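Read-outs: derived from the displayed coordinates by stated rules, not from any lab. All of these numbers come straight from a predicted model, not from anything done at the bench. Cβ coordinates were reconstructed from backbone atoms using ideal geometry, including for glycine residues, and neighbour counts include every protein chain displayed.
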Amino acid sequence: MFDVIVLGGGAAGFYGAIHIAERNPKLKIAILERGKEVLTKVKVSGGGRCNVAHAEFDPKEISKNYPRGERELVGPFHTYCSGDTMAFFEKRGIQLNIEADGRMFPATNSSQTIIDCFLQETDRLGIKVLKNSSIIGITSLDGNTAKGDYSWAIKTIRNTYQAKKILVATGSNPKIWELLRQMGHTIIAPVPSLFTFNIKDERITGIQGVSTNANIQIIPSKVNNGKFKAALKKYSIQSSDLESEGPLLITHWGMSGPGILRLSAWGARILNELNYNFSIKINWLPAYHEEGLLRQLQQIKEIEGRKTILRTKAFDLPKRLWGSLVKAAQISDTDKWADISKIQLQNLAKQLTGSTFRVDGKSTFKEEFVTAGGVDLKEINFKTYESKIHPGLYFAGEVINVDAITGGFNFQNAWTGAYIAAQAITMELTHKP
Ligand SMILES: Cc1cc2nc3c(=O)[nH]c(=O)nc-3n(C[C@H](O)[C@H](O)[C@H](O)COP(=O)(O)OP(=O)(O)OC[C@H]3O[C@@H](n4cnc5c(N)ncnc54)[C@H](O)[C@@H]3O)c2cc1C
C-alpha cells in the first residue's frame with residue numbers, strides 16, 4: 001500500500017515523484033516501471049546529450065511551440081516554466097548551458113548527468129522504484145468503504161498495489177491508453193511527430209550536408225488537392241500553420257533541420273492522413289518574393305554581364321545549392337549573365353523563391369521524436385493535472401495529447417505537468433490525510 005503510485009519510470013514520473021516526496025517526505029511513494037531500466041528515453045535524448053529545456057521564459061511565447069497543447073499550457077507555464085527547471089537542476093549542482101538557438105543541455109553534455117540526479121534524489125527521498133513491473137490493470141475502488149482511503153488498485157504482471165492517488169506518466173504507451181479508454185477517457189489516436197521528409201529529386205542529389213535558412217510551405221501534391229483541403233478542415237489547421245522559416249538541411253534521403261521538423265509537428269495529423277505524400281514549396285531566399293528577385297536578377301545581368309552565372313556569388317546561398325538551382329533553371333555551367341534569355345532568368349527566380357519538391361514518405365529524426373495524440377485535453381483540469389473523469393488520478397508527460405517541436409519543449413511539458421500534479425497530490429494528501 002502506498003500513498004502515491006507513479007505509473008511509469010520516465011521523465012515525468014521521476015520528476016513528479018521527487019516533487020511529491022520533497023513537499024511531504026512522510027508520504028509512501030512508488031514508481032512502477034515495466035522495463036528493466038528506468039529513464040531510457042532520457043538516456044537517448046538529444047543525441048545522448050539530453051536537451052533538457054529551452055531558454056524561452058515567457059509562458060505565452062513558449063506555449064507557441066506546442067502544436068497540441070498551445071492553449072492549455074499557457075496557465076501551467078505561468079506556474080512552472082523553463083526558469084524553474086533550470087533552478088531545479090542548479091539546486092542539485094547541475095549547470096545547464098544555453099546554446100545559440102536556445103536549447104539547454106547539461107554542461108557535461110551527457111544525459112547520464114540527468115539520470116544520476118534523478119536516481120540520487122529518489123534514493124535520498126526513499127521513493128521505491130519497482131522495475132520489471134508492467135502495469136496491466138488500473139481499477140478505481142471508489143465507493144468501496146472497506147478499502148478506506150486506498151481508492152486505486154494497480155495490477156502489474158507480478159503484484160497488485162493500492163494507492164490513495166495515482167500519477168499516470170506512461171508516455172506514449174498504447175496499452176495504458178487502452179486501459180484509460182476503458183475507464184471512460186477519450187484517447188486521441190496517436191500519430192508520429194518530429195520526422196524528416198523523404199525526397200528524391202535531382203536538385204538535391206549529391207549536395208547532402210548543405211544547410212541554409214529557408215521558408216518552407218506544405219502544399220498538396222497534384223493528385224491529392226481535395227483530400228488535403230478536407231484534412232485541413234477536419235483538423236482545423238490554418239494554411240499558415242503549415243509554413244515555417246528556419247534552417248533546412250539536405251540529407252541523403254531528403255530534407256531535415258529545424259524548419260522541416262517544425263512542419264512535421266504542425267502537420268503531424270494531416271500528413272498522416274495524406275499517407276506522407278504531399279509537396280513542399282521552398283523559398284531559398286526568404287527576403288525576396290519572385291517579382292522582386294527577378295528585378296534583382298535583371299540588374300545583375302546588366303552589371304555582371306561577362307561573369308559566369310555559376311561562379312557569381314550573387315546571394316547568401318551555399319555554393320552547391322546555387323549550382324543546383326542554376327542547373328534546374330536550364331542554365332549551363334558556362335553560361336554568362338549576358339547570354340541568358342528572359343525565360344531562363346524567370347526560371348531562376350522561380351527556382352530560388354518557389355521550388356516545389358514532392359515528398360514521398362518520412363524518416364525518423366534520431367535526436368528526438370514524439371507521438372501526437374493521447375488523453376483528450378478536455379478531460380484534464382490544467383490547474384492540477386487531475387482527470388475530470390476520475391478524481392485522484394493525475395497525468396503528466398506525453399500520455400496526454402500534448403507534443404512540441406524539437407528543442408527541449410517536450411521535456412518541459414513533462415516537467416511542468418509533473419510539478420503541478422505533484423503539488424496538487426501533496427496538497428490533497430497533506431490536508432486530507
Ligand atoms: C530518441 C528521442 C530523443 C528525444 N530527445 C528529446 C530532447 O532532447 N528534448 C526533449 O525535450 N524531448 C526529447 N524527446 C522526447 C521526450 O523524451 C519525451 O517527450 C519524454 O520522455 C516524455 O516523458 P514521459 O515521462 O511522458 O514518457 P517516457 O519518458 O516515455 O516515460 C514513460 C515510462 O513509462 C513506462 N511505461 C510505459 N508503459 C508502462 C506500463 N504498462 N507499465 C509500466 N511502465 C510503463 C515506459 O517504459 C517509460 O519508462 C526525445 C524522444 C526520443 C524518442
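See the values below:
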| read-out | value |
| --- | --- |
| Sparsely packed trypsin sites (Lys or Arg not before Pro) within the range 243-333, loop by DSSP, other Cβ within 10 Å at most 10 | 306, 313 |
| Residue order, fewest to most surrounding Cβ atoms within 10 angstrom, among 197, 105, 395 | 105, 197, 395 |
| Spin-label model distance (nm) - residue 319 vs residue 79, 7 Å beyond Cα toward Cβ | 5.6 nm |
| Helix-only [θ]222 nm of the chain, DSSP H runs n ≥ 4, -39500 (n - 2.57) each, per residue, nearest 500 | -10500 deg cm²/dmol |
| 3J(HN,Hα) from dihedral phi, the range 355-368, Karplus parametrisation 6.51/-1.76/1.60, rounded to Hz, x for glycine, proline | 7, 9, 10, 8, 9, 10, x, 9, 10, 6, 8, 5, 6, 6 |
| Ranked 185, 54, criterion: other C-beta atoms within 10 Å, fewest first | 185, 54 |
| Computed lengthening from residue 358 to residue 136, 0.36 nm per intervening residue step minus Cα-Cα distance | 75.6 nm |
| Furthest towards positive pole of dipole, 78, 370, 426, structure part the chain, Cβ charges | 370 |
| Inter-probe distance in nm under a simple model that places probes 7 Å from Cα toward Cβ, at residue 22 and residue 240 | 3.9 nm |
| Percent antiparallel among DSSP beta bridges (both partners in the chain, rounded to 5) | 75 percent |
| Ratio of the Cα radius of gyration of the chain to 2.2 N^0.38 Å, where N counts its residues | 1.16 |
| Spacing of the two label points (7 Å from each Cα toward its C-beta) at residue 112 and residue 342, in nm | 6.7 nm |
| Compactness index (Cα Rg / 2.2 N^0.38 Å), the range 207-327 | 1.24 |
| Long-range HN-HN contacts of residue 355 with modeled amide H, under 5 Å | 282, 284 |
| Per-residue Cβ neighbour rank within 10 angstrom, fewest leading, 81, 50 | 81, 50 |
| Convex hull projection area averaged over all views, the range 277-433, Cα basis, nm² | 13.8 nm² |
| Estimated vicinal HN-Hα couplings, Hz - the range 210-216 in sequence order (Karplus 6.51, -1.76, 1.60; Gly, Pro = x) | 5, 9, 7, 7, 8, 9, 10 |
| Amide H contacts of residue 28 (H built 1.01 Å from N, under 5 Å, at least 5 apart or other chain) | 3, 4 |
| For residue 219, distant residues with modelled amide H under 5 Å away | 279, 280, 281 |
| Low-density loop positions, trypsin sites (Lys or Arg not before Pro), the range 1-80 - DSSP coil, at most 15 other Cβ in 10 Å | 26, 28, 36, 64 |
| Cα centroid separation - the range 155-173 against the range 65-85, whole Å | 26 Å |
| Derived scalar couplings ³J(HN,Hα) [the range 74-87; Karplus, 6.51 cos²θ - 1.76 cosθ + 1.60; whole Hz; x for Gly, Pro] | 4, x, x, 5, 5, 7, 8, 9, 4, x, 5, 4, 4, 4 |
| Rel. contact order, % - alpha carbon contacts under 8 angstrom, at least six apart, the chain | 24 percent |
| The range 386-433, relative contact order in percent, only Cα pairs under 8 angstrom and at least six apart counted | 34 percent |
| Trypsin sites (Lys or Arg not before Pro) within the range 171-219: DSSP coil, no more than 13 neighbouring Cβ in 10 Å | 200 |
| For the range 59-105: relative contact order, % (alpha-carbon pairs under 8 angstrom, 6 or more apart) | 22 percent |
| Cα-centred dipole magnitude for the chain, charges only on beta-carbon of K, R (+1) and D, E (-1), debye, nearest 20 | 760 debye |
